Amino acid sequence: MIYFDLASDLHTDLWRDNINSIDFSNPLSSTLVIAGDTSNYVSELLEIVKNSKKYYENVIIIDGNHEHYFSLKNPYMLESYLAREITSLNGNYLCGKSVIKINKTAFIGANGWYDFKINEENFTIQENIKNWNNFSNDSRMILWQGSSPTFIATDHFKLLSNQVNDLQNDNSVDNIVIITHTAPHKKLLPYKGDYSWDCLTSAYGNSMMENIIKIDKKHKIKVWVYGHSHSKLDKTINNIRYVNNARGYESEKHILGKWSFVQIKSDGT
Ligand SMILES: [Fe+2]
Ligand SMILES: [Fe+2]
């Protein structure tokens, strides 16, 4: 078991002040996890990794959707770029391909994206996609180049499923912590009672991720952290602790309130 600090949605380009990890780091946490949307600018994400590595032994990070806005790369090209650059800073970038093992805890993760289905009890896929095309910046600002959120969401689901399956018989691992940017369970969606907003929740979660729990026969998944929706949450569903610790935009500061890194135990207690 280890203690780790969690942050997401730092959106450093949308705040006037600079994040210095020493201001937020908790004693006993030797690992920092950042669950996406660090900045619209990859250079700022790399600065955060560099700064955080001064105070943490391990900095584990994934991309959100915002890292893709000005990258001029398609999502898979950006994954490769981030893997190379973050590794050169001795950080750990996760996109479903590597496992970070620390004291019997395995960290796995990937952006997760979305498949327009997680709110299907209330909305059809067709209206979700129409609404996304009309209102989501992702539809306009990401260089999809023949790919799509659903395609990558499926890919990330398969990669994480395989990793959870492999870890079942790995005796060096008692606890699995999964990191995604989008929500992995429909009970985590932030509904507001507004049609356009609630329809857009289909772009806030990956409906396939709930199936990963079924693969976890030995109940090793203890914690699942995510971000994307700027609403902090700490909720246990079927013995798994789901935590969102989004900082959000400076313009939302008055709604979101005081924010800091949160410290989490990898065994979920
Ligand atoms: Fe965000
Ligand atoms: Fe996001």
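Bear in mind these aren't lab numbers, they're just calculated from the coordinates by the rules spelled out. Quick caveat: nothing in here was measured; it's all calculated off a predicted structure. Cβ coordinates were reconstructed from backbone atoms using ideal geometry, including for glycine residues, and neighbour counts include every protein chain displayed.
Listing for the model above:
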read-out	value
Shape call, segment 59-170: gyration tensor on alpha carbons, a/c limit 1.5	oblate
Above-threshold pairs, the threshold being 18 Å between Cα atoms, out of Lys186/Lys235; Lys97/Lys218; Lys117/Lys186; Lys104/Lys218; Lys97/Lys222	Lys97/Lys218; Lys97/Lys222
Taking Leu46, Leu94 and counting other C-beta atoms within 10 Å, the order from fewest to most	Leu46, Leu94
Per residue, the convex hull volume that the Cα atoms of the chain enclose (Å³)	120
Point-to-point label distance, Lys50-Asp166, nm (Cα→Cβ direction, 7 Å offset)	3.2
Residue-span extension gain [Lys101 to Trp15] - 0.36 nm each, minus C-alpha spacing	27.6 nm
Paramagnetic reach from Thr236 (point 7 Å along Cα→Cβ, amide N under 17 Å) across segment 205-227	219-225
Relative contact order (percent, whole number), the chain, Cα cutoff 8 Å, 6+ residue spacing	24
Nitroxide proxy distance, nm - points 7 Å out along Cα→Cβ at Tyr249 and Ile215	3.5
FRET E, pair Thr269, Ile22, Förster distance 25 Å, beta-carbon r, rounded to 0.05	0.40
Counting DSSP beta bridges with both ends in segment 3-265, the antiparallel % (nearest 5)	30
